[in-house]
Amino acid sequence: AGLSLLLLLCAFRPSELRFGADDFARLGCFMLAFCLLHGYFLYAQTLTVWYGNLPAEVGAMRERLTGSFSTLFWIIVAVTIAAPILLLIFRPVRRSPWASTLIAAAVLIGLWLERVWIVLPARLLSH
């Protein structure tokens with residue numbers, strides 16, 4: 001989230017920060033690495049819950065993955081993991097301030113949706 005915010009700041013304040021295409025390419029590489037890491041963490045979180053097999057956690061995870069929140073889950077995967085990785089593997093996209101900015105904004109929105117996806121099903125199932 002912080003890296004995406006930094007990319008947004010660099011795009012909207014280029015004269016004050018003096019960021020060029022090479023700097024955007026480096027930040028794009030970092031964002032690519034963090035999107036891969038985020039995908040791994042999401043997978044590890046799901047795997048840990050399934051292996052733990054605690055009824056309350058498995059019920060909440062099942063609701064998140066296959067219930068009424070599954071659409072939100074796949075939107076989160078697409079916006080925070082799949083699309084950024086598929087776009088940021090190309091050097092011209094990483095070097096473009098506007099493409100990097102759009103990807104960073106999408107990742108920030110996706111991370112906010114992920115927080116909703118984590119909290120909301122547990123809150124609804126507990127009441």
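The values are calculated or read from the model by the stated rules, or taken from the named source; none is laboratory data. The structure displayed is predicted, hence computed values, not measured ones. Cβ sites come from the backbone with ideal geometry, for glycine too, and all protein chains shown count toward neighbours. These area figures cover heavy atoms from the full protein model, side chains too; ligands, DNA and RNA do not enter into them. Shrake-Rupley method; radii C 1.70, N 1.55, O 1.52, S 1.80 Å.
For L36, state whether it is of a type in the set (A, V, I, L, M, F, W, C), assigned to a helix (DSSP H, G or I) and open to solvent by less than 40 Å² (accessible area, probe 1.4 Å). For L36, the condition - of a type in the set (A, V, I, L, M, F, W, C), assigned to a helix (DSSP H, G or I) and open to solvent by less than 40 Å² (accessible area, probe 1.4 Å) - is not met.
Quick check: anything in region 92-100 of a type in the set (S, T, N, Q) and closer than 15 Å to F34 by Cα? Write out each step before concluding.
Of region 92-100, the ones of a type in the set (S, T, N, Q) are 96, 100.
So of that shortlist, the ones also closer than 15 Å to F34 by Cα come out as 100.
Checked region 92-100: at least one residue is of a type in the set (S, T, N, Q) and closer than 15 Å to F34 by Cα.
One line per residue, one yes/no per condition, for (1) of a type in the set (A, V, I, L, M); (2) surrounded by 14 or more Cβ atoms within 10 Å (Cβ to Cβ); (3) not in a loop (DSSP other than H, G, I, E, B):
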position	(1), (2), (3)
L8	yes, yes, yes
A25	yes, yes, yes
Y40	no, no, yes
A44	yes, no, yes
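The helices (runs of 4 or more DSSP H) found entirely in region 47-115 that carry 1 or more residues being without any contact (Cβ under 8 Å) to a residue 24 or more places away in the chain, within 30 Å of L27 (Cα to Cα) and of a type in the set (A, V, I, L, M) are 83-88. Picking from residues in region 76-127 that are among the hydroxyl-bearing types (S, T, Y) and modelled with pLDDT under 90, the one that is surrounded by the most Cβ atoms within 10 Å (Cβ to Cβ) is S100.
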